[in-house]
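Notes for the one structure printed next.
The values are calculated or read from the model by the stated rules, or taken from the named source; none is laboratory data. Computed from a predicted model, the values in this text were never measured in an experiment. Every residue, glycine among them, receives a Cβ derived from its backbone with ideal geometry; neighbour counts consider all protein chains shown. Quick note on the areas: whole protein, heavy atoms, side chains included, nothing else; ligands and nucleic acids left out. Shrake-Rupley method; radii C 1.70, N 1.55, O 1.52, S 1.80 Å.
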Amino acid sequence: MKNEKAFIFDLDGVIVDTAKYHYLAWKNLANSLGFDFTEEQNEQLKGVSRVKSLEILLGVGKVNLSEEKKEALLKEKNKEYLAYVNTMTSAEILPGVNKLLQFLEANKIKFALGSASKNAPLILEKVGLLKRFHAIVDGNDVTKAKPDPEVFLIGAKKLNTAPENCIVVEDAIAGIQAANSAKMTSIGIGDKTVLSEADYVFESMNEITSDFLQNLIN
Ligand code: G6P
Ligand code: MG
């Protein structure tokens, strides 16, 4: 039904903390190219596509490479990242996620994934959440990266509801901006000052109460 409320979740930093694995793989790549890559610099890669992430990384190291070499590095980075992903279990689901999904299921509210990651279905499968999502939109489905609203608009369509009824949960500024320009309600997970553009901000998923959710869906 077109007027039903629905949730759309980002993956990395909201459902699971894969940012640490992305960081390890990017850092190793930087080191192999002869420069260091700090955790602080890694912040710039959150919510950003794989290709764009490499561009930012090479910018940090002031390294110029051929398209061919970049292709090879992207493959190498993803191979290492997937080695970490393959060790993941449900123990890596972030605190508060299960409680929130249970609330939505109990209230018959549909939810989708809206992620820039091409590895999103595999990660959800590894942590045992894939089947619970009513729709998946990932890096293979979109042509325009966040802050473009495309990923979330496709999500609303797949959930068969209007964008205005969707509530997006995001940890990246670009993701909050994407939700806002899709005219969706935005919930930021993280630092209030960083995510100041969000309609609501919580430090972690664990802080979201049933009362808050009840008000949101009524
Ligand atoms: C998410 C992460 C980014 C990552 C992107 C692509 O948005 O926050 O750090 O670069 O997905 O991920 P992928 O798994 O396709 O390399
Ligand atoms: Mg994220």
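Three principal axis extents of the chain based on alpha-carbon atoms, in descending order, are 55, 33, 31 Å. The Cβ shell under 13 Å around N86 holds other residues with a net charge of -1, Lys and Arg each +1, Asp and Glu each -1.
Scaling against 2.2 N^0.38 Å puts the C-alpha radius of gyration of the stretch 1-107 at 1.33.
Overall, the accessible surface of the chain at a probe of 1.4 angstrom is composed of carbon and sulfur to the extent of 50 percent.
Give, rounded to the nearest 20 debye, the magnitude of the charge dipole that the chain has about its Cα centre when Lys and Arg contribute +1 at Cβ and Asp and Glu contribute -1 at Cβ.
That gives the chain a dipole magnitude of about 660 debye.
Using the average count of surrounding beta-carbon atoms within 10 Å as a protection proxy, the listed peptides 4-11, 192-199 rank, highest first, as 4-11, 192-199. Ranking V127, A106, G96 by Cα position along the charge dipole of the stretch 89-132, where only Lys, Arg, Asp and Glu carry charges on their C-beta atoms, puts A106 farthest toward the positive end. Seen from all directions on average, the stretch 55-130 presents a Cα convex hull projection of 6.8 nm². Spatially, the stretch 7-52 and the stretch 152-202 are offset by 21 Å when compared through their Cα centroids. Between V51, V14, V97, the GNM of the chain built on Cα springs shorter than 10 angstrom shows V51 fluctuating the most. A simple spin-label model places pseudo-atoms 7 Å from Cα toward Cβ; at D17 and V194 they are separated by 1.2 nm.
When DSSP beta bridges are limited to those with both residues in the chain, what percentage is antiparallel, rounded to the nearest 5?
Percent antiparallel among DSSP bridges in the chain is about 5.
Over the chain, dividing the summed -39,500 (n - 2.57) contributions of all DSSP H runs of at least 4 residues by the number of residues returns a 222 nm mean residue ellipticity of -12500 deg cm²/dmol. With axes computed from alpha carbons, what is the tilt in degrees of helix 19-32 against the longest principal axis of the chain, rounded to the nearest 10 within 0 to 90? With both axes taken from Cα atoms, the answer is about 10 degrees. Against the longest principal axis of the chain, how steep is helix 97-106, in degrees 0 to 90 to the nearest 10, with axes from Cα atoms? For 97-106 against the chain, the angle is about 30 degrees. Taking the average, over residues, of other Cβ atoms within 10 Å as the packing measure, peptides 160-173, 70-83, 20-33 rank 160-173, 20-33, 70-83 from highest down. Once both labels are positioned 7 Å from their Cα atoms along Cα-to-Cβ, the gap between H134 and E43 label points is 3.6 nm.
Taking the stretch 55-86 and a reference point 7 angstrom along Cα→Cβ of D36, the backbone N atoms nearer than 19 Å belong to 57-63.
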